[in-house]
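Below: one structure, written as structure tokens.
The values are calculated or read from the model by the stated rules, or taken from the named source; none is laboratory data. Because the structure is predicted, anything quoted here is derived from the model rather than measured. Every residue, glycine as well, gets a Cβ built from its backbone with ideal geometry; the counts of neighbours run over all protein chains shown. We work out accessible area using only protein heavy atoms, side chains counted, and drop any ligands, DNA or RNA first. Shrake-Rupley method; radii C 1.70, N 1.55, O 1.52, S 1.80 Å.
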Amino acid sequence: MSNILLAGFGGQGILFAGKQIVLAGMRQDKYVSWLPSYGPEMRGGTCNCSVIVEDEPIGSPLVTTPDVLLAFNAPSFEKFESTVVKGGMLFTDSSLVNKKGSRDDISYFYIPATELANENGLTGMANVIMLGYIVKKTGLFDEEYFKDSLNAGIPAHKAHLAEVNKKALEIGFGYEG
């Protein structure tokens with residue numbers, strides 16, 4: 001499960017989440033690719049990010065048939081659900097997407113990440129909660145390793161976010177849904 005597509009609106013932390021997956025892969029000496037795509041409106045407009053983590057060289061950075069899809073809004077769910085490979089996984093923030101999957105050949109995971117973030121005083125951290133849940137369900141990385149990697153990837157000017165990132169990841173890893 002190494003071809004991942006993250007999609008939503010600009011400002012939801014889609015690109016940040018993709019970067020964290022890639023950084024974790026880089027730290028394990030994997031071949032990685034991170035390709036953002038967003039509309040001219042930026043924050044509030046459409047946004048998606050192709051992420052690849054492989055043991056072999058990557059031929060193309062574009063993910064058109066993801067093993068894993070994170071749909072952070074209804075338009076992304078509707079647009080990309082059909083592109084997930086058979087046996088793949090679709091994750092969505094059920095606080096924001098009031099839609100259920102229509103396929104029987106992929107696994108669906110509904111996590112109320114925005115609601116969980118708000119309830120825990122972590123407004124704006126739904127993307128990190130989703131990361132924790134995705135890493136747990138896919139087994140892409142070990143939980144402790146990913147926590148360390150996330151902290152290592154925080155820029156110095158945002159070091160104050162280390163604890164809230166850790167808390168948000170723990171909520172995602174601990175969610176049973």
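Note on the stretch 59-73: among residues that are of a type in the set (A, V, I, L, M) and modelled with pLDDT of 95 or more, the one that is surrounded by the fewest Cβ atoms within 10 Å (Cβ to Cβ) is 63. Residues that are in a loop (DSSP other than H, G, I, E, B) and among the hydrophobic types (A, V, I, L, M, F, W, C) were ranked within the stretch 76-89; the one that is nearest to residue 12 (Cα to Cα) is 84.
Return a yes/no flag: does the stretch 28-45 have any residue that is among the charged types (D, E, K, R), open to solvent by 20 Å² or more (accessible area, probe 1.4 Å), at pLDDT 95 or above and out of contact with any Asp or Glu (no Cβ under 7 Å at 6 or more places or on another chain).
yes
With respect to residue 147, is the statement that it is of a type in the set (Lys, Arg) and under 16 Å from residue 69 (Cα atoms) true? It is false that residue 147 is of a type in the set (Lys, Arg) and under 16 Å from residue 69 (Cα atoms). Within the set 129, 154, the sole residue that is free of Cβ contacts under 8 Å to residues at least 24 places away in the same chain, touching a helix residue (DSSP H, G or I) at 6+ places or on another chain (Cβ under 7 Å) and either farther than 22 Å from residue 108 by Cβ or not polar (S, T, N, Q) (or both) turns out to be 154.
The single condition among (1) within 23 Å of residue 115 (Cβ to Cβ); (2) touching a residue at least 24 places away in the same chain (Cβ under 8 Å); (3) over 12 Å from the mean Cα position of the chain (by Cα) that residue 30 does not meet is (1). On inspection, residue 154 qualifies as under 14 Å from residue 24 (Cα atoms), of a type in the set (A, V, I, L, M) and surrounded by fewer than 20 Cβ atoms within 10 Å (Cβ to Cβ).
Kindly check whether there is at least one residue in the stretch 156-164 that is in contact with a Gly (Cβ under 9 Å, 6 or more places away or on another chain), aliphatic (A, V, I, L, M) and at pLDDT below 95. Lay out the reasoning, then the answer.
Of all residues in the stretch 156-164, those in contact with a Gly (Cβ under 9 Å, 6 or more places away or on another chain) come to 164.
Narrowing the set further to residues that are aliphatic (A, V, I, L, M) leaves 164.
Adding the requirement that they be at pLDDT below 95 leaves 164.
Yes - at least one qualifying residue is present in the stretch 156-164.
Would you mind finding the one in 123, 114, 92 that is in contact with a strand residue (DSSP E or B) (Cβ under 6 Å, 6 or more places away or on another chain), of a type in the set (Val, Ile, Thr) and open to solvent by 30 Å² or more (accessible area, probe 1.4 Å)? I'd like the intermediate steps shown before the answer.
Working: 123 fails: in contact with a strand residue (DSSP E or B) (Cβ under 6 Å, 6 or more places away or on another chain); 92 fails: open to solvent by 30 Å² or more (accessible area, probe 1.4 Å).
Only one candidate passes the filter, namely 114.
Okay, residues lined up against (1) under 16 Å from residue 7 (Cβ atoms); (2) modelled with pLDDT under 95; (3) polar (S, T, N, Q):
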residue: 102; (1), (2), (3): no, yes, yes
residue: 106; (1), (2), (3): yes, no, no
residue: 112; (1), (2), (3): no, no, no
residue: 117; (1), (2), (3): no, no, no
residue: 124; (1), (2), (3): no, yes, no
residue: 129; (1), (2), (3): no, no, no
residue: 137; (1), (2), (3): no, no, no
residue: 143; (1), (2), (3): no, yes, no
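If only residues of the stretch 59-75 that are outside any loop (DSSP other than H, G, I, E, B) and in contact with an Asp or Glu (Cβ under 8 Å, 6 or more places away or on another chain) are counted, the one that is farthest from residue 93 (Cα to Cα) is 69.
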